[in-house]
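Trainee: Got a structure for you, written out below as structure tokens; questions coming shortly.
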Amino acid sequence: MSINLKKIKQLSLCIILQGGLLLNNRSTAQTVQSKGLKDYYKDYFPIGVAVSPQSLKDPQQAALILSQFNSLTPENAMKMGPIHPEENRYYWKDADSIVAFAQAHGLRVRGHNLCWHEQTPDWLFKGADGKQVTKEVLLKRLKDHITAVISRYKGKIYAWDVVNEAIDDDNSKFLRNSLWYQICGEDFIVKAFEYAHEADPNAVLFYNDYNTERPEKRERVYQLLKKLVDAKVPINGVGLQAHWSIYEPDQKDLIETIKRFSSLGIKVQITELDISIYPWEKNKRSLRPGESDAYTADLEKKQADKYAEVFKVFRDYKNVISGVTFWNISDKHTWLDEYPVIGRKNYPLLFDQNFQPKKAYWQVVNF
Ligand code: XIL
């Protein structure tokens, strides 16, 4: 263990130095070297990244993480399916290894997530008879799950995405018609926050969702948040997932969203930031014949400009934005390589496939 950590530290230093040389070669205007995103933004908010346990074992990626970020989110390891595969069995190993890495290096951890309609374990909604469970049973299961997971990491995880993506995709509807909703009605949301608060009164608790800048969705998320706040449910913040693209959101919609949500007296975090080079699509499909996934200079520039635009807004609203987290480390691998289009490469992050800073990176740190 100690040898590994030493190696990682040496490598991170190496990368920082390389970064400095790179800067020197690129531009004389660059005066400050050996800095990472977290350092440029130290007077603003923590800068996080979604990770897998495997990425932390890879010395190059671990070094990049340590030089750039000061917060981690487990990309999958704490979701209910992976961490609680059977009713009476938890699988802690992956989640533990991420928290241990964070502890060893003084990084914060955002827990993700406690209640979601995706990546649920098979046993969750069914009883021993194979039939759907009652509301009472499901809420008891939710409570046991939340209590066990939060308690294990109490004091080591400062914030939790308690409920994820509960608003419907259909603009004419309110809550998503998930099994959570079908079995428990709206109560599962309130209860999830109450159970989480009970398990760790110091944890900062979030509702987290995507497309929150689109006016139709924004309004419905606002309604939900307002209901919770008015009912004195222990919610502290809202996560804008920020799975964006070079086409959206525009600055006006982003600002409106931050203002509207924070007017409720809650914090805003950017929880899953990436800027796709393709327009938003929801349903999975394969790459069509002749469809290009080339990362052209034009796309790279548009992406850098979009990154500059959104970070300008984040800085302007630093009084309500308490964290910005990227969803994956570099373009070498991103979840958008498989979703929504299978077999199409995406390039949504600030580091390229060789872990080098992209144009967008320099736009984000030069302000
Ligand atoms: C994604 C992961 O990145 C993938 O590895 C996994 O296959 C599916 O989930 N919104 C969320 C995240 O809240 O948990 C999702 O993460 C991306 C969308």
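Trainee: Give me a comma-separated list of calculated 3J(HN,Hα) values for region 217-231, in order, Karplus coefficients 6.51, -1.76, 1.60 applied at θ = phi - 60°, integers in Hz, x for any Gly or Pro.
Mentor: 7, 3, 5, 6, 5, 4, 4, 5, 4, 5, 4, 5, 5, 4, 7
Trainee: Estimate the FRET efficiency between Glu219 and Gln54 by the formula 1/(1 + (r/R0)^6), using the beta-carbon distance for r and 45 Å for R0, to the nearest 0.05.
Mentor: 0.70
Trainee: Along each principal axis of its Cα atoms, how long is region 319-363 end to end? Whole angstroms, biggest number first, please.
Mentor: Extents along the principal axes, in whole Å: 40, 22, 13.
Trainee: May I ask you to derive the relative contact order of the chain, considering only C-alpha pairs under 8 Å and at least 6 residues apart, and to give it as an integer percent?
Mentor: The value is 14 percent.
Trainee: Can I ask one more? Expressed as a whole number of Å, what is the distance separating the alpha-carbon centroids of region 90-138 and region 140-195?
Mentor: 11
Trainee: Using a probe of 1.4 angstrom, how much of the accessible area of region 47-90 is carbon and sulfur, in percent?
Mentor: On region 47-90, the fraction of accessible area on carbon and sulfur atoms equals 44 percent.
Trainee: Can you tell me what percent of all Cα-Cα pairs in region 203-296 are more than 21 Å apart?
Mentor: 39
Trainee: Once you charge only the Cβ atoms, +1 for Lys and Arg and -1 for Asp and Glu, what is the size of the charge dipole of region 213-280 about its Cα centre, to the nearest 20 debye?
Mentor: Values: 11 positive and 10 negative charges, 87 e Å.
Approximately 420 debye in magnitude.
Trainee: Peptides 106-112, 38-44: what's the order by average Cβ count within 10 Å, highest mean first?
Mentor: Output ranking for 106-112, 38-44: 106-112, 38-44.
Trainee: By per-residue mean of other Cβ atoms within 10 Å, what is the highest-first order of 285-294, 356-365?
Mentor: Output ranking for 285-294, 356-365: 356-365, 285-294.
Trainee: With +1 on each Lys and Arg Cβ and -1 on each Asp and Glu Cβ, how big is the dipole of region 156-247 about its Cα centre, in debye rounded to the nearest 20?
Mentor: 140
Trainee: Along the positive direction of the dipole of the chain (beta-carbon charges: Lys, Arg +1; Asp, Glu -1; about the Cα centre), which of Asn366, Val341, Gly81 reaches farthest?
Mentor: Asn366
Trainee: Between Glu248 and Trp335, what is the label-to-label distance in nm when each label sits 7 Å out along the Cα-to-Cβ direction?
Mentor: Using points 7 Å along Cα→Cβ, the separation is 1.9 nm.
Trainee: For the chain, take every pair of Cα atoms, bin their distances at 10 Å starting from 0, and report each bin as a whole percent.
Mentor: Pair shares across the bins are 5, 24, 33, 26, 10, 2, 0, 0.
Trainee: Now for a separate question. Got a sec to turn the phi values of region 201-215 into Karplus ³J(HN,Hα) couplings, 6.51 cos²θ - 1.76 cosθ + 1.60 with θ = phi - 60°, whole Hz, x for Gly and Pro?
Mentor: Those phi angles translate into x, 8, 6, 8, 10, 10, 9, 10, 7, 10, 6, 6, 8, 6, x Hz.
Trainee: For the chain, give the magnitude of the charge dipole about the Cα centre (Cβ charges: +1 Lys/Arg, -1 Asp/Glu; no others), in debye to the nearest 20. Kindly include the intermediate steps, with their values, before the conclusion.
Mentor: On the way: 51 positive and 46 negative charges, 178 e Å.
Rounded to the nearest 20 debye, it is 860 debye.
Trainee: A follow-up question, please. Once both axes come from the Cα atoms, what is the angle between helix 93-105 and the longest principal axis of the chain, in degrees from 0 to 90, rounded to 10?
Mentor: 50
Trainee: Near Lys42, within a Cβ-to-Cβ distance under 15 Å, what is the net charge of the other residues, with Lys and Arg +1 and Asp and Glu -1?
Mentor: Once positives and negatives cancel, what remains is +3.
The values are calculated or read from the model by the stated rules, or taken from the named source; none is laboratory data. Since the structure is predicted, the reported quantities are computational estimates derived from the model, not experimental observations. Counting neighbours? That spans all protein chains shown, and the Cβs are built from the backbone with ideal geometry, glycine included. With ligands, DNA and RNA removed, areas are computed over all heavy atoms of the protein, side chains included. Shrake-Rupley method; radii C 1.70, N 1.55, O 1.52, S 1.80 Å.
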